[in-house]
Amino acid sequence: MSTTFLTSILIWLPIAGAIVVWLLPLSRYATGSIAVLASLIEVGFWIEQASRFNFHSSSLQMSEQANWFGTTGPAHHTRPELGISYHVGVYGFSVWLVGLTAVAMAACIGYGFWVGRDRPRAYFALMLLLTGATVGVFESQDLILFYAFFEAMLIPLYILIGVWGGAKRMEATVKFVIYTMAGSLIMLAAIVVYGLHAGTFDLVHGPTSASRWLFLGFMLAFAIKAPLFPFHGWLPDSYREAPPEVTAVLSGVIAKAGLYGMLRIAIPLFTDPTGSQVLPAQFYRTAILALAAAALVYGSFLAFRAPDFRGVVAYSSLAQSGLITLGLFSGTTLGLNGAVLQMVAHGLVSVSLFLLAGVVERRTTTGDFALLGGMARGRPVLATLLMALGVISLAVPGSANFAGEFLILAGAFKLHWWWAVIGAGAIVLAAMYMLRLISAVLHEARGSTVADEAMDVRPGELALLAPLVAGLLLLSAWPAAVSHHSFVGRWPNQPNPNVIRTPLP
Amino acid sequence: MLMLVEGGNLLLLLVGWGLVGLSSYLLIGFWHEKPSAVRAAKKAFVMNAFGDATMALALFILIAHTNSLSFEKAFGANLSSSTWNWVALGLLGGAVAKSAQIPLQTWLPDAMEGPTPVSALIHAATMVTAGVYLIARTHVIFEHARTIELIAAGTGALTLLVAGLIALVQTDIKRVIAYSTMSQIGYMFLGVGVGAYSSGMFHLMTHAFFKALLFMTAGLAIHALAGEQDIRNMRGLGKLMPITKWCFLAGALALVGVPPFSGFFSKDSIVAAAAGLHTWYGWVFWLCGIAGALLTGLYTFRLWFLVFPGEPSAFVLEHHHKQGRFGEGPWTMLLPVGVLAVLATVGGWLQWSPIWHPFTNWLHYATPNIVEPSSMLEYLTSVATVAAGLAGIAIAWAIYAEKTLAIPKVPALQQLLENKFYFDELYDRLFYAPASVLAARLRTEIEEPVILQGGTDIGQTALDTGGVVRRIQTGVLRTYVFFLAAGAAALVLAFLIAK
C-alpha cells in the first residue's frame, strides 16, 4: 500500500475538520466532540505514519509533489522556471515533530472541550486549523509552501489570544503579531530573493547559498518565533494572557516551528556540506551560540524570580529554546540528536505544565505564588503530576530532558568547553527555579486563594495529562527512540552542493 | 541506588546518582507543610545539582576524547595529565556534593528534617557514602590525577575535623549524629584519597551498621518523647528505655572505635594508611585522624552522658509514653535496631588489617590499594587512635557526668562552632544573594524597560505612523489624482535615469 497520502492527510484532515465544525450549526457538545475526535484521528494517522516510516533511510519519505504556481508557461518561456510546488514529505526528525504537534494539540483541544470555551464553533475550528498549519510547517519541502503554513499558524493564534485571552489580551495580541510579522516579512523577502537566484524554491533540491543577508533574514524570523534573547519581547505577555491551552501550544509546539526552521532551512541552506567553505551558518555560529547561551542564562535567571506559575514556565521555555539552539548550532551529531530529543521532550513538558497551570488557576483564580501554597494536602494527583513534571523539566538524571540536555551539552562541549560550562550552570539554575515553583504551589502553608473545596485533578483533566506524562516516561526510558531515529548520516546532507552567490546590497 | 552501584558505565552511574538525589529530596521534604523541611529539601537538591553538573562536565571531557563512557574505555584512555586532572576534579565535585564534604557540606545537617528512618538509610548508610564509592570505582582516573586524589584526602581530613568540632555544640540529637556522619565520611574520603580503597570501603560498610543503629535508636528516643529532639531535655532516658540505651551504647562504642566494636577495625587502617604515604602531608593526615578520634569520643559521649544515664528529668517523665513493653518502642522498631546492634558489634571482625584481611583480598582485583602501611605502623596507629578515643570519652565523662571539669569558656570559639563556621551565611552572601539580586536586576533593568517596553514602543510607533499615514487617505479625489500623477512622474523619471 502506498503511504504517501499520510503526509498530506496529516495536514488536511484537521483543516477539513475545522471547516466542518465551523460550518455545521451543531451544539457546543457536538462541536467539541467532533474536534476532539478529529484530533484523535490525527494522532492515529501519525502513529500509522511513524510505524511505516523507514528510519534507516536518510532521504525524504512519503513525499508528494504537485505544481502549484509560477511554473513555465507558453507566455514566459524565456523566464526561468520558478518551481513553486506543493511539495511535502518527512524526514526522521520531522516525524517526531509532527507527532509532538498531533499529541499536544489533541490534549489542548481536549482541554478546551473540558473547560467549555465560549463560541465553540469558532474556537475549535481555529484550534484545528492551527493543528493543520503547524503540521504543514513541519512537512513542507518548498519554501513558499513553508512560508504559507508559517503565516497560517499566526492567524488562529492571533484570534485565539485576542478573543479568549485574559484581561490584557489586546495588548498581548498586538505585540505578538507585530513581532512575528516583522520576522516573517523579512523572511518572505529572503525567500523570494533566494528563490529567484536559485531558480527554485524547493528545499530538497535547492542549492546552498553564501549570502549572509539571506541567512540573517531567515534567522531573525526563527529567532523571534523560537524565541531567542533578545527577541522574546512578545513572550511574557502572550504566555500570561492567552488561555492556558493556547499558551501550552505556543510554547510546546509553535516555538518548535522556529527551532525547526533553523534545523531545516537556516542550517542546511547555509552550510557547506563538503566543509571546504565557510558559509553563513558557520560564519555566524559563534554569534548565534552566544545568543543561545544568553537566552539560556537570562531565561533561567528570570524564571528564578518570576512571581507566578506561568511566568516561571514561560521563562524556562526561553531558556530551553536557547539550549536547543545551542545543540542545533553545535555542528555535531550529538548536539543535533539531543536538540531534536529536547524539542519533543520540552514540548511535552511545557504543554503539560501550562495545562496544569490552567488546572491550578481554575481552582484558585490565580497563578500568583504569593496567593498559592499548600495544595499538596488532600490533592495527591495534582501533587504527583506537578512533582513528576517539575523534576522531568529540571532534567533530573534519568529523565528524557536529561538525555536531551546531556547530548546537547556533550555536543557543545566538543565545540568548546565553555558552552558546556554555561549549560551546566543552567542545570543548577533550573533546579532552583523549578523547585521554587513546586514548593510555592504545593508545599508549606495553604495560600489565601486555596479553598478547602478546591478539588484535586478531575478524571477528565487526568485523561488529558496522563498520556502526556506517560509519553514523557516512555521517552525517559528510551530516549534513543527519538535521538537515534532522527538523522541518518550527516545532516545537512544536501544533495546539491553547488554554492550560489547571491549579490545583495 | 542499585543502579548507581551496578551501572556498567559512567552514564548509568550518573542516572542512579541523580535518582538517589531525587529520592533524597522527596524524603527530606516528607513533611511538606513544614517550611524548614521544604527549604532543607530544596537546599539538598540544589547542592547536589551542582555536583551533578560538575560530574556531567567530567563525562563530557571523556566523551570528547574517547567517544565512550564505559569504565574500561575511560580507564584505558590516553589523555594528557591536565585532562585527567579536569576529569577527576569534575568527579570529585560530584562526590563532595553527594557525600557532604567541605565545601558542599551544609545540606546534610538540614536534611535531618526528614523522618528518622530516611536519615538512617540515605543520609547515613547508603546515599551519602556514594561519593566514597565513586572514587573507589573510578580509582584509575584518580590515580592518573594523583594531585586531585590527594585533594580528596585533604578534603576528608579537613571535614572530619570541622564536622567533629561542630558536633560538640549541637543540641539536636539528630544533628549531632549528622555531623558525626560527615566526620566519618571524611575518614572514608581520607582512606580512598590516599589510595587505601579497601580500608575506605570497609569503613563505609561498618559505618553503615553503626550509624544506622545510632539513628534508629535516636528515632526511638524521639518517638517515645513525642517528637522532642533537644538533648538537653532528655536526661535519664536510659532508665525508661533500657534496650534503646544498650543498643545506642554499642553504636557509640563502634563509632568511637573502641575494640572489639566494628569501627575500631575499619577506622584504624585508614589512619595507618595515611601515615603509610611516608610524606609530610601523610603525617598531617595521620594527626588529623588521631585528633578526629579524640573529637569523636568527646561528642559521642557528650550525647550519651546527656541523654541516657542518671535519673529521668522532669521533662522526660512528663513526655515519655509507653508504646510496648518496658516503655520501649514496639517490637517492629526494636527488631531492626537489635539486628543493627549485633552487626555494629561484630561487623568489623571481618578483618583486622595487620593480621587478617579477606575484605582487602576480595577487593584486590577491583581496586588494588596503592599504599600498604607496615604492620608496625598499624599497631602504633591502633594504640594511638584507641587512646585518643578513650581520652575523648574520659573528658566527656568528666564534663557531663561528674561535672568535675568545666567547659572552657571561649565565647568567640563557641559562637563560631554554633554558627557552623558561618558556611551557610557565607554561601548566602556569595551565591544565593548575588543570584537573587542579579535575577531581580535583570528583571527591572533589562526585561521590563528594554525588552517589554521596547515591544510596546514598537506597537505604539506603528499605531502612530498609521495615524500619520491615515491623513493621506483624505477621501478627496483631487488629492488622489495628485499623488497618482506625482507617482507616475517619479516612475518615468526613474526609468529615464536608469536608461
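The values are calculated or read from the model by the stated rules, or taken from the named source; none is laboratory data. Small disclaimer: the values here were computed from a predicted structure and weren't measured. Every residue, glycine as well, gets a Cβ built from its backbone with ideal geometry; the counts of neighbours run over all protein chains shown.
Picking from residues in segment A:265-293 that are in contact (Cβ under 8 Å) with a residue 60 or more places away in the chain and within 20 Å of the chain's Cα centre (by Cα), the one that is surrounded by the most Cβ atoms within 10 Å (Cβ to Cβ) is A:Ala292. Hey, B:Met241 hits all of (1) within 28 Å of the chain's Cα centre (by Cα); (2) buried (at least 24 other Cβ atoms within 10 Å of the Cβ); (3) touching a residue at least 12 places away in the same chain (Cβ under 8 Å) but one; which does it fall short on? With respect to (1) within 28 Å of the chain's Cα centre (by Cα); (2) buried (at least 24 other Cβ atoms within 10 Å of the Cβ); (3) touching a residue at least 12 places away in the same chain (Cβ under 8 Å), B:Met241 is out only on (1). Being free of Cβ contacts under 8 Å to residues at least 40 places away in the same chain and not charged (D, E, K, R) holds for only one residue in B:Gly227, B:Gly219, and it is B:Gly227. Can B:Ile177 be described as closer than 28 Å to B:Pro259 by Cβ, modelled with pLDDT under 90 and not assigned by TED's automatic domain parsing to the domain that holds B:Trp349? When the stated conditions are applied, B:Ile177 passes them. So, of the residues in segment B:55-110 that are of a type in the set (Phe, Trp, Tyr) and more than 19 Å from A:Val428 (Cα to Cα), which turns out to be nearest to the other protein chains (Cβ to nearest Cβ)? Top of the filtered list is B:Trp86. Here B:Asn9 clears all of (1) touching a helix residue (DSSP H, G or I) at 6+ places or on another chain (Cβ under 6 Å); (2) more than 8 Å from chain A (Cβ to nearest Cβ) except the condition numbered (1). Restricting B:Leu121, B:Leu108, B:Leu150 to residues that are surrounded by fewer than 24 Cβ atoms within 10 Å (Cβ to Cβ) and within 19 Å of B:Met1 (Cβ to Cβ) narrows the list to B:Leu121. The residues of segment B:250-285 that are touching a helix residue (DSSP H, G or I) at 6+ places or on another chain (Cβ under 7 Å), surrounded by fewer than 24 Cβ atoms within 10 Å (Cβ to Cβ) and without any contact (Cβ under 8 Å) to a residue 60 or more places away in the chain amount to a single one, B:Trp283. Taken together, the criteria place B:Val38 among residues that are at the interface with another protein chain (Cβ under 8 Å from one of its Cβ atoms), of a type in the set (A, V, I, L, M, F, W, C) and touching an Asp or Glu at 6+ places or on another chain (Cβ under 9 Å).
Selection of segment B:366-395 for residues being of a type in the set (Ser, Thr, Tyr) and either assigned to a loop (DSSP other than H, G, I, E, B) or crowded, with 18+ Cβ neighbours inside 10 Å (or both) yields B:Thr367, B:Ser374, B:Thr381, B:Ser382, B:Thr385. Number of residues in segment A:362-386 that are facing chain B (nearest Cβ under 9 Å) and touching a Leu at 6+ places or on another chain (Cβ under 7 Å): the value is 2. Would you confirm whether or not segment B:55-64 contains a residue that is of a type in the set (Gly, Ala, Ser) and over 19 Å from the mean Cα position of the chain (by Cα)? Taking every residue of segment B:55-64 in turn, at least one turns out to be of a type in the set (Gly, Ala, Ser) and over 19 Å from the mean Cα position of the chain (by Cα). Scanning segment A:396-418 for residues that are touching a helix residue (DSSP H, G or I) at 6+ places or on another chain (Cβ under 7 Å) and more than 10 Å from every other protein chain (Cβ to nearest Cβ) yields A:Ala400, A:Asn401, A:Gly404, A:Ile408. Taking the conditions exactly as written (more than 8 Å from every other protein chain (Cβ to nearest Cβ), within 20 Å of B:Gly21 (Cβ to Cβ), part of a helix (DSSP H, G or I) and touching a residue at least 60 places away in the same chain (Cβ under 8 Å)), does A:Gly471 satisfy them or not? No, not satisfied. Taken as a whole, segment B:15-27 holds no residue that is more than 23 Å from A:Val428 (Cα to Cα) and either more than 10 Å from chain A (Cβ to nearest Cβ) or part of a helix (DSSP H, G or I) (or both).
Could you identify the single residue in A:Val88, A:Val137, A:Val95 that is in contact with a Ser or Thr (Cβ under 7 Å, 6 or more places away or on another chain) and of a type in the set (Val, Ile, Thr)? When all the criteria are applied, what remains is A:Val88. Checked against the criterion of being within 12 Å of chain A (Cβ to nearest Cβ), among the aromatic types (Phe, Trp, Tyr) and either under 17 Å from B:Ile135 (Cα atoms) or assigned to a helix (DSSP H, G or I) (or both), the candidates B:Phe30, B:Phe45 yield just one match: B:Phe45.
Within the option set B:Asp428, B:Asp464, being surrounded by 13 or more Cβ atoms within 10 Å (Cβ to Cβ), over 19 Å from A:Phe231 (Cα atoms) and either modelled with pLDDT of 80 or more or acidic (Asp, Glu) (or both) holds for one residue only, B:Asp428. Scanning segment A:304-321 for residues that are within 14 Å of chain B (Cβ to nearest Cβ) and part of a helix (DSSP H, G or I) returns A:Phe304, A:Arg305, A:Gly311, A:Val312, A:Ala314, A:Tyr315, A:Ser316, A:Leu318, A:Ala319.
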